[in-house]
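The next block holds one structure in the form of C-alpha cells; read it before the comments.
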Amino acid sequence: MTDTVNVTGVTKSYGKVPAVIDVTCSLKEGETIALVGHNGAGKTTLIKLMLGLIRPDSGMVRVLGEDPAAGQFAARRRLGYLPENVSFNMALTGRETLSFYARLKRVPLDTVGALLERVGLAGAADRRVGTYSKGMRQRLGLAQALLGRPRVLLLDEPTTGLDPALRHSFYEIVAELRADGATVLLSSHALTELEGKADRVVIVNRGAKIADGTIEELRQIAKLPTRIRVRLAECEAGKVDDWIGRTGAWKRINGHVLEIDAEPSEKISLLRSAASTDAPVVDLDVAPPSLDELYAHFLGAEEAPQ
Amino acid sequence: MMNILIVARKEIQEGLRNRWVLATTLLLAALALTLTFLGSAPTGTVGAGALDVVIVSLSSLTIFLVPLIALLISHDAIVGEMERGTMLLLLSYPIGRWQVIMGKFIGHLAILSFATLFGYGAAAAAMAATGVPIDTASWTAFASMILSSILLGAVFIAIGYLVSALVAERGTAGGIAIGVWLLCVLIYDMALLGVLVVDQGRTIGGGLLSALLLANPTDAYRLLNLGSESVGALSGMGGVADNAALGPAALIAALVAWALAPLAAAAMVFARREL
Ligand SMILES: Nc1ncnc2c1ncn2[C@@H]1O[C@H](COP(=O)(O)OP(=O)(O)OP(=O)(O)O)[C@@H](O)[C@H]1O
Ligand SMILES: [Mg+2]
C-alpha cells in the first residue's frame with residue numbers, strides 16, 4: 001500500500017501557542033485512521049496543515065505527492081474535507097450549494113442529486129440551507145466532502161450533530177470508501193465511538209503525537225489489566241476464604257461478588273482457577289479494558305513525567 | 001478563469017436571492033426618477049439639454065450613493081466569510097485565493113452594474129418617453145456617466161475588499177468602510193476647499209491641484225462627469241476642471257488605477273492570511 005499523506009516533523013505555532021509539535025505520521029491507501037485528542041490537542045490544526053490552509057513553521061507535509069500549501073491544485077481535486085463547524089451560505093438551496101462545490105471540483109453536475117440522496121437530503125434539496133437543522137447541514141457537509149470520488153478524506157469530528165440512524169449510515173459510507181481504497185481520517189474526542197471503525201488510532205495530546213497503532217497494538221503497549229468478576233456460590237465462608245488464599249489477590253465487592261484486575265500475563269491462569277471444578281463460582285465476567293480507559297492511560301502516561 | 005466565473009456566478013445568485021440586486025436597483029431607480037422629474041422644471045430657462053440636467057443630478061447622486069452601496073456589499077466579503085466559516089471550506093477546494101477575490105469582484109460588480117444600468121436607465125427612459133428632444137451628445141454623456149458610475153463602484157468594491165482582508169472582525173470592517181466613505185465623499189473635499197481658499201493660488205498650482213483631485217476617486221469621477229463642456233457650464237465644475245487641466249483619459253486612468261491597486265493589495269493581504 002502506498003502512502004497518500006505524509007507528515008514529517010511538522011511544528012506549527014499560533015504566536016506563542018504551540019498547536020502542533022514535531023508530528024510525524026503517514027496515512028495509507030485504503031486505511032481508516034482515527035485522530036483522537038482532547039479539546040485543543042491540535043487535531044484541527046493538523047488537518048488544516050494537510051489541506052495546505054496553513055503552512056508549517058518547520059517540517060514537511062505531502063498529500064498525494066504534492067505540497068498542499070504550494071498552490072497546485074491537482075491533489076485537492078481528489079481530496080474531501082469536512083470542517084468541524086461546517087457552514088454554508090444561508091440564501092442558497094442545498095442543491096445549489098452542492099452544485100457550486102461540484103463545479104469547483106469539476107465534478108459532473110448530474111451526480112449532485114444522487115449524492116444528496118445518499119446523505120438523506122433528497123427531500124430538502126430545494127430548500128434554503130438557512131432552514132436546515134444542524135444535522136442536515138452536517139449531512140450537506142458530508143455530501144460536499146464526498147464529491148468526485150476523493151482519494152483522501154479529512155473529516156473533522158464528522159458525527160457531531162448526526163442522529164444515530166445517520167451516524168450508522170455515515171460509518172457505512174466510510175466503509176465503502178475504505179473498500180474503494182480511499183484514505184479516511186476521522187478526528188474525534190472519544191475513542192469509544194470509533195471502536196471497530198478505524199484501522200489505526202493516532203492519539204495527540206497538547207500538539208504532540210503520543211500513540212500510533214491499531215487498537216490491538218495500543219492495548220498491548222498499554223498492558224492494561226483485564227477486569228475479571230466472579231459470582232460466588234452459596235457455601236460456607238471458610239471455603240471461599242480458603243480458595244481466595246490459594247489463588248491470590250481477589251477483591252471482595254460484596255458477599256457474593258469478587259473482582260480482580262488481571263495483568264495480561266496472569267489472565268489465563270486466573271481464569272483457569274476460577275473455572276476449575278473446586279472453585280465456588282457460579283458466574284464469571286471478563287471485561288477487557290475499554291477504549292476510554294486505554295485513551296486515559298495514554299494521556300496519563302504523558303502527564304506523569306512532567 | 002473558470003473558477004473565477006464559478007465564484008462570480010455564485011455571488012450573483014446570492015445577490016439575487018437575498019434581494020440585494022432588487023433593493024439597490026429599486027433604490028437607484030426611485031431616486032433617479034425623482035431627480036429627473038424634479039430637475040426637469042427649470043430646463044427651458046437654463047437652455048441646456050434636458051438630459052444634461054439629469055446627468056448633473058445623477059452624478060451628484062452617484063457620488064454619495066454608489067460608494068456607499070459598493071462598500072456595503074464588499075466590506076463583508078472576506079472577513080465575513082471567514083467569521084462564518086464558509087471561507088475555510090471554500091479554500092480547501094482547488095481554487096486560488098486570488099481567484100476567490102476576482103470572482104467575488106466580478107460578481108459584485110455585475111450586481112452593481114445591473115442596478116446602475118437599470119436604475120439610471122429608468123430615468124433616461126422616462127425622460128425620452130415624455131417626448132423631450134435629446135441630442136446624441138447628451139446620450140453619449142449619459143452613457144459615459146453610467147459607465148463611469150460603474151467604474152466608481154468598482155473602485156469602492158476594491159477598497160472594501162482591502163479593508164475586509166486587513167481586519168480581524170466584521171464590525172471593524174464596517175466601521176472602517178463608513179470612515180472611508182465619509183473621507184472620500186465629504187471630508188476630503190471640504191478640507192481641499194478650505195486649503196484652496198486659504199492658499200489663494202499662491203503655492204497650489206495647476207499640477208498640484210490635479211494631483212490632489214486625482215488622489216480622491218470621487219473627485220476624479222466628479223471632474224469626469226461634471227467638468228465637460230455643456231454639463232460643465234451647468235454644474236459650475238468647468239472652472240475647476242480647466243484649472244486642473246485633466247482630460248478624460250487621465251481621469252479614467254486614475255479611476256482604473258484606483259480600482260486595480262486596492263484589488264491587488266487585497267489579494268496580496270488575503271494570500272498571506274492564516275485561517
Ligand atoms: N487561529 C488560531 N489562532 C490562535 N490559536 C489557535 C488558532 N487555531 C488554533 N489555535 C490554538 O491551537 C491549539 C490547537 O487547536 P486545534 O483547533 O487544532 O485543537 P483541536 O484538537 O481541533 O480541538 P477541538 O477538539 O476543540 O476541536 C489550541 O491551543 C488553540 O487555542
Ligand atoms: Mg478541532
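For the stretch A:137-149, name all the residues that are away from chain B (no Cβ under 13 Å) and buried (at least 19 other Cβ atoms within 10 Å of the Cβ). Lay out the reasoning, then the answer.
Residues of the stretch A:137-149 that are away from chain B (no Cβ under 13 Å), as a first pass: A:139, A:146, A:149.
Residues satisfying the conditions are A:R139, A:L146.
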If you check every pair at least six apart or on different chains, which have Cβ atoms under 6 Å apart with a residue in the stretch A:10-24 that is assigned by TED's automatic domain parsing to the domain that holds A:R55 and under 13 Å from A:N205 (Cβ atoms) first and a residue that is of a type in the set (K, R) and buried (at least 17 other Cβ atoms within 10 Å of the Cβ) second?
A:A19/A:K12; A:V20/A:K12; A:V23/A:K209
Of (1) within 16 Å of ligand 1 (Cβ to nearest atom); (2) free of Cβ contacts under 8 Å to residues at least 40 places away in the same chain; (3) over 25 Å from the mean Cα position of the chain (by Cα), A:A114 fails just (1)
Just one of (1) within 16 Å of ligand 1 (Cβ to nearest atom); (2) under 21 Å from A:V174 (Cβ atoms) trips up A:V61, so point out which.
(2)
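Please specify each residue of the stretch B:77-100 satisfying the condition of being aromatic (F, W, Y) and under 28 Å from the mean Cα position of the chain (by Cα).
If we filter the stretch B:77-100 for residues that are aromatic (F, W, Y), which is where we start, we get B:93, B:98.
Selection gives B:W98 alone.
A:R149 - would you say it is in contact with a helix residue (DSSP H, G or I) (Cβ under 9 Å, 6 or more places away or on another chain), away from ligand 2 (no atom under 16 Å from the Cβ) and basic (K, R)? Quick ask: steps written out before the conclusion?
Values: in contact with a helix residue (DSSP H, G or I) (Cβ under 9 Å, 6 or more places away or on another chain): yes; away from ligand 2 (no atom under 16 Å from the Cβ): yes; basic (K, R): yes.
Against the criterion (in contact with a helix residue (DSSP H, G or I) (Cβ under 9 Å, 6 or more places away or on another chain), away from ligand 2 (no atom under 16 Å from the Cβ) and basic (K, R)), A:R149 qualifies.
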Among the residues of the stretch A:57-64, are any surrounded by fewer than 21 Cβ atoms within 10 Å (Cβ to Cβ) and within 16 Å of ligand 2 (Cβ to nearest atom)?
no
Out of the stretch B:145-162, which residues are over 13 Å from B:A266 (Cβ atoms) and out of contact with any Phe, Trp or Tyr (no Cβ under 9 Å at 6 or more places or on another chain)?
B:L147, B:I150, B:G153
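More than 13 Å from ligand 2 (Cβ to nearest atom) and acidic (D, E): does that describe A:E96? I'd like the intermediate steps shown before the answer.
Details: more than 13 Å from ligand 2 (Cβ to nearest atom): yes; acidic (D, E): yes.
Yes: the conditions hold for A:E96.
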Taking the stretch A:105-121 only, how many residues are out of contact with any Phe, Trp or Tyr (no Cβ under 7 Å at 6 or more places or on another chain) and within 13 Å of chain B (Cβ to nearest Cβ)?
3
So, first residue within 14 Å of another protein chain (Cβ to nearest Cβ) in the stretch A:156-168, second residue away from ligand 2 (no atom under 16 Å from the Cβ) and hydrophobic (A, V, I, L, M, F, W, C), Cβ within less than 8 Å, six or more apart or across chains; the pairs are A:P158/A:L142; A:P158/A:F170
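Residues being more than 7 Å from every other protein chain (Cβ to nearest Cβ), surrounded by fewer than 17 Cβ atoms within 10 Å (Cβ to Cβ) and more than 16 Å from ligand 2 (Cβ to nearest atom): count how many of those fall in the stretch A:70-88.
We begin by selecting, within the stretch A:70-88, every residue more than 7 Å from every other protein chain (Cβ to nearest Cβ); these are A:70, A:72, A:74-75, A:78-80, A:82, A:84.
Retained after the next criterion (residues that are surrounded by fewer than 17 Cβ atoms within 10 Å (Cβ to Cβ)): A:70, A:72, A:74, A:84.
Checking which are more than 16 Å from ligand 2 (Cβ to nearest atom) leaves us with A:70, A:72, A:74.
Qualifying residue count for the region: 3.
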Only one of these conditions is not met by A:K134: (1) under 20 Å from B:E83 (Cα atoms); (2) facing another protein chain (nearest Cβ under 8 Å). Which number is it?
(2)
Quick check: is even one residue across the stretch B:21-42 in contact with a Lys or Arg (Cβ under 6 Å, 6 or more places away or on another chain) and away from chain A (no Cβ under 14 Å)?
no
Are there any pairs with C-beta distances below 8 angstrom linking a residue in the stretch A:27-49 that is outside the structural domain of A:V7 (by TED's automatic domain parsing) to a residue that is near ligand 1 (Cβ under 9 Å from one of its atoms) and among the acidic types (D, E), with the two at least 6 apart or on different chains, and if so which?
none
Of the listed residues (A:A124, A:A102), the one being hydrophobic (A, V, I, L, M, F, W, C), within 12 Å of another protein chain (Cβ to nearest Cβ) and either surrounded by 21 or more Cβ atoms within 10 Å (Cβ to Cβ) or over 15 Å from B:L91 (Cα atoms) (or both) is A:A102
Condition (residue is at the interface with another protein chain (Cβ under 8 Å from one of its Cβ atoms), touching a residue at least 24 places away in the same chain (Cβ under 8 Å), within 30 Å of A:K16 (Cα to Cα) and in contact with a Leu (Cβ under 7 Å, 6 or more places away or on another chain)) applied to the stretch A:56-68: is it met by at least one residue?
no
Going through the stretch A:21-45 one residue at a time, which ones are near ligand 1 (Cβ under 7 Å from one of its atoms) and either within 14 Å of chain B (Cβ to nearest Cβ) or out of contact with any helix residue (DSSP H, G or I) (no Cβ under 8 Å at 6 or more places or on another chain) (or both)?
A:N39, A:G40, A:A41, A:G42, A:K43, A:T44, A:T45
Hey, any hits in the stretch A:161-173 for a residue that's within 13 Å of the chain's Cα centre (by Cα), within 16 Å of ligand 1 (Cβ to nearest atom) and in a loop (DSSP other than H, G, I, E, B)?
no
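The values are calculated or read from the model by the stated rules, or taken from the named source; none is laboratory data. Every value quoted in this text rests on a predicted model; they were computed, and no experiment measured them. So basically every Cβ, Gly included, is an ideal-geometry build from the backbone, and we count neighbours across all protein chains shown.
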